[in-house]
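Structure first, commentary second.
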Amino acid sequence: MSDNCACEVTAEPEGVDEAFARAAHIVEGTYSAQRQYRAYLEPKAATATYEHGRFVITTASQYPFNVRDRIAQLLAVRPSDVRVVGKTIGGGFGAKLDGWVEPLAALAAKVTGRTVSIRTSRAEDMLTCPTRDNATMTIRTALDAEGRMIGREFSCDMDNGAYSGEMPRLASLPLSIIGSVYKMHGPMRASVRLWYTNTAPTGAFRAVNGVYLYMAQEQHMDEIADLLGVDRREYRLRHLFTDGEKSRTGQVFEDASILRTAFDKLEEHAPWQEVLDGLKPNRGVGIAAGVWMTNPMPGEVTIKMYEDGTASLITAANDNGSGAVSMGLTQIVASALGMNEGDVRSSLPDTDVSGYDGGSRGGRTTAIVGTAALEASIRVRDKLLAVAAGLLEASPEDIELIDGHARVKGAPSSAVPLAAVAATATFTTGSISATSSYTSPPIPFDAGCASGALFTTMSTPTYHVHLAVVEVDEVTGHVEVVRYIVVQETGKVINPVGARGQVRGGVVQGIGYSLYESMRIGDDARLVERSLESYRLPLAVDVPEVEIIFMEHPDPLTGHGAKGLGEAPVVLTAAVISTAVRHATGKSFTAIPITPEDVLFALVDAESDS
């Protein structure tokens, strides 16, 4: 491994060369993607004090416990010597998972003996933010005479920047994505390398490197279908995963047939042939399918009843623009305790008060922390029923919690307010509270699938199909997304308004990634885009109405059956938009973003070729 290679993941199964030797067709393509900046509203900031041998950091972090541990690591102190107090986050999308300004503020506070605040300007934030990584991928597939994929070679070179954060783990993700969704009737040789470069570090960004990996895979599927002269949708359906299929890491997708259900739902909403027949001039359509994960990691919740009958939800999980805590978790607790959602108040994270939480990321909050919240609520409910039984002179089994009251079933007049129940408990048996924690169980995989792999499974997978229609302006090269449809498997929709907001937001972010946003690195290794004035973001006029179709398949392991929801909507946007532009123009666009200049150059080349 080269000195400037931060991580290398390789898979060398037998039979790859033999597959290519007997192939009837070989399809090869190279694909690339630029960096993407998150463009959240609030640049990074932190305030730190150092007193009595302890650091206290106030920051808007997605992952307070990770910030605590990073400060402890860098300053060579115990994690318990660091307290991190979270604040409302002005957006993050992965950029606020690690310690950035927080360790600097902590060190400065210790050196000066004063309270220290560090606030980055927008330009400073853009220069130091761990952007979505840029990458180049090559896929080479061997096909038999019937068009089946009998062998594959895959390589991916990812830009780590000058320092490593979570990127070495993400170098393993291609093994789970390339070769998933569609059946491979043969082995795949893979080589993924993460390179140190003299640039700002890259890092996790909503759906991490899945966005460009699926872009590459779906473009490759279109290229195969075109070579074979078959319909793109039909070719996908012919090779779609079924229940029990395995990824290249050996993970079994037990419910992969949901993918076909998603295609069927899309067909009911927008029949493929009707979409094709109805296309106006200079328009094209793209279709793509994907599997995505729900991030695991532990989560803990404490539910505490106040004497006035309201409840406090204490957790280190936090809202990162999703409303997963303030809407989803409070809704779960209120439902279990029979009270109004407004009577459940969520606290901000505090590592001294809250149990460990794996951070606001990867769609895990409602699924993981929501499970802990439900379990804690059930324990609180049991305690409330026990106290209410004495007040109502009834058996706990005969009492229900509804509309902020404990009442005897079938006897609405025999009821007491939860405030009376909670106050009675406080001054007799003690205040009512309960704590619960949850983490996803480990997933079996093939430990010998590759060397160097750190991230080998996709926890609690969900299944998705997207369709996009674009229109290309032949004069300006501008690409407009005129229709976008999402079929998303969600487990269970806890809050419909919040769920739809997450899907729309993900699609908008994906449109920006596909057509507008790029943090280019100049010949001097410096970033070209240094302000939001030069960094092009999609505007409201650039975004169509997103048509959303939810498929609910509750997870039996999580509270209320929830699965990850917030990351998946962005995963397939680059895939469907790039393939739609390819369909509209007849030219391949294998680099993201697809700029007007790219389109014009391609159209000019097409005219010169003719």
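The values are calculated or read from the model by the stated rules, or taken from the named source; none is laboratory data. In this text the structure is predicted, and so the values were computed from the model without any measurement. With ideal geometry, Cβ positions are generated from the backbone for all residues, glycine too; neighbour counts draw on all protein chains shown. Side chains included, ligands, DNA and RNA excluded: accessible areas come from the protein's heavy atoms. Shrake-Rupley method; radii C 1.70, N 1.55, O 1.52, S 1.80 Å.
Of the residues THR88, THR131, the single one that is out of contact with any Gly (no Cβ under 6 Å at 6 or more places or on another chain) and open to solvent by 30 Å² or more (accessible area, probe 1.4 Å) is THR88. As for region 201-212, it holds no residue that is open to solvent by 20 Å² or more (accessible area, probe 1.4 Å) and more than 29 Å from ILE521 (Cα to Cα). From the set of residues in region 97-113 that are in contact (Cβ under 8 Å) with a residue 60 or more places away in the chain and of a type in the set (D, E, K, R), which is surrounded by the fewest Cβ atoms within 10 Å (Cβ to Cβ)? By that ranking, first place goes to LYS110.
Would you call THR242 modelled with pLDDT of 95 or more, of a type outside the set (A, V, I, L, M, F, W, C), in contact with a Ser or Thr (Cβ under 6 Å, 6 or more places away or on another chain) and assigned to a loop (DSSP other than H, G, I, E, B)? The answer is yes for THR242. Going through region 527-573 one residue at a time, which ones are more than 27 Å from HIS269 (Cβ to Cβ) and in contact (Cβ under 8 Å) with a residue 60 or more places away in the chain? Within region 527-573, LEU527, GLU529, ARG530, SER531, LEU532, TYR535, LEU537, LEU557, THR558, GLY559 meet the criteria. Would you check if SER61 is small (Gly, Ala, Ser), at pLDDT 95 or above and part of a loop (DSSP other than H, G, I, E, B)? Taking the combined requirement at face value, the residue satisfies it.
Across region 560-588, the qualifying residues are those that are closer than 22 Å to ASN318 by Cβ and assigned to a helix (DSSP H, G or I), and the one among them that is most open to solvent (accessible area, probe 1.4 Å) is HIS560.
For residues that are acidic (Asp, Glu), part of a helix (DSSP H, G or I) and more than 23 Å from the chain's Cα centre (by Cα), tally how many sit in region 207-239. Show your work before the answer.
Within region 207-239, the subset acidic (Asp, Glu) is 218, 222-223, 226, 231, 234.
Imposing the further condition that a residue be part of a helix (DSSP H, G or I) reduces the set to 218, 222-223, 226, 234.
The next check asks that each one be more than 23 Å from the chain's Cα centre (by Cα); those that pass are 222-223, 226, 234.
Qualifying residue count, region 207-239: 4.
Only one of LEU537, LEU557 is under 30 Å from ARG122 (Cβ atoms), in a loop (DSSP other than H, G, I, E, B) and out of contact with any Leu (no Cβ under 6 Å at 6 or more places or on another chain); which? Full working, then the answer.
Details: LEU557 fails: under 30 Å from ARG122 (Cβ atoms).
Sole residue among the options that is under 30 Å from ARG122 (Cβ atoms), in a loop (DSSP other than H, G, I, E, B) and out of contact with any Leu (no Cβ under 6 Å at 6 or more places or on another chain): LEU537.
Which residue is nearest to GLU545 (Cα to Cα), if the candidates are limited to region 480-498 and must be modelled with pLDDT of 95 or more and open to solvent by less than 10 Å² (accessible area, probe 1.4 Å)? So, considering only residues that are modelled with pLDDT of 95 or more and open to solvent by less than 10 Å² (accessible area, probe 1.4 Å), the one nearest to GLU545 (Cα to Cα) is TYR484. ARG233 meets the conditions (1) touching a Ser or Thr at 6+ places or on another chain (Cβ under 9 Å); (2) open to solvent by 10 Å² or more (accessible area, probe 1.4 Å) in every case but one. The failed one is (1).
Which condition breaks for LEU259 when tested against (1) within 21 Å of VAL470 (Cα to Cα); (2) open to solvent by less than 50 Å² (accessible area, probe 1.4 Å); (3) assigned to a helix (DSSP H, G or I)? All conditions pass for LEU259, except number (1).
Check region 463-478 and report whether any residue there is open to solvent by 20 Å² or more (accessible area, probe 1.4 Å) and either part of a strand (DSSP E or B) or without any contact (Cβ under 8 Å) to a residue 60 or more places away in the chain (or both). Give the steps one after another, and end with the answer.
First pass over region 463-478, keeping only residues open to solvent by 20 Å² or more (accessible area, probe 1.4 Å): 471, 473-476, 478.
Cutting the leftovers down to either part of a strand (DSSP E or B) or without any contact (Cβ under 8 Å) to a residue 60 or more places away in the chain (or both) gives us 471, 475.
Yes, there is a match, as at least one residue in region 463-478 is open to solvent by 20 Å² or more (accessible area, probe 1.4 Å) and either part of a strand (DSSP E or B) or without any contact (Cβ under 8 Å) to a residue 60 or more places away in the chain (or both).
Of the set (1) within 30 Å of CYS7 (Cα to Cα); (2) open to solvent by 10 Å² or more (accessible area, probe 1.4 Å), all apply to LEU228 but (1).
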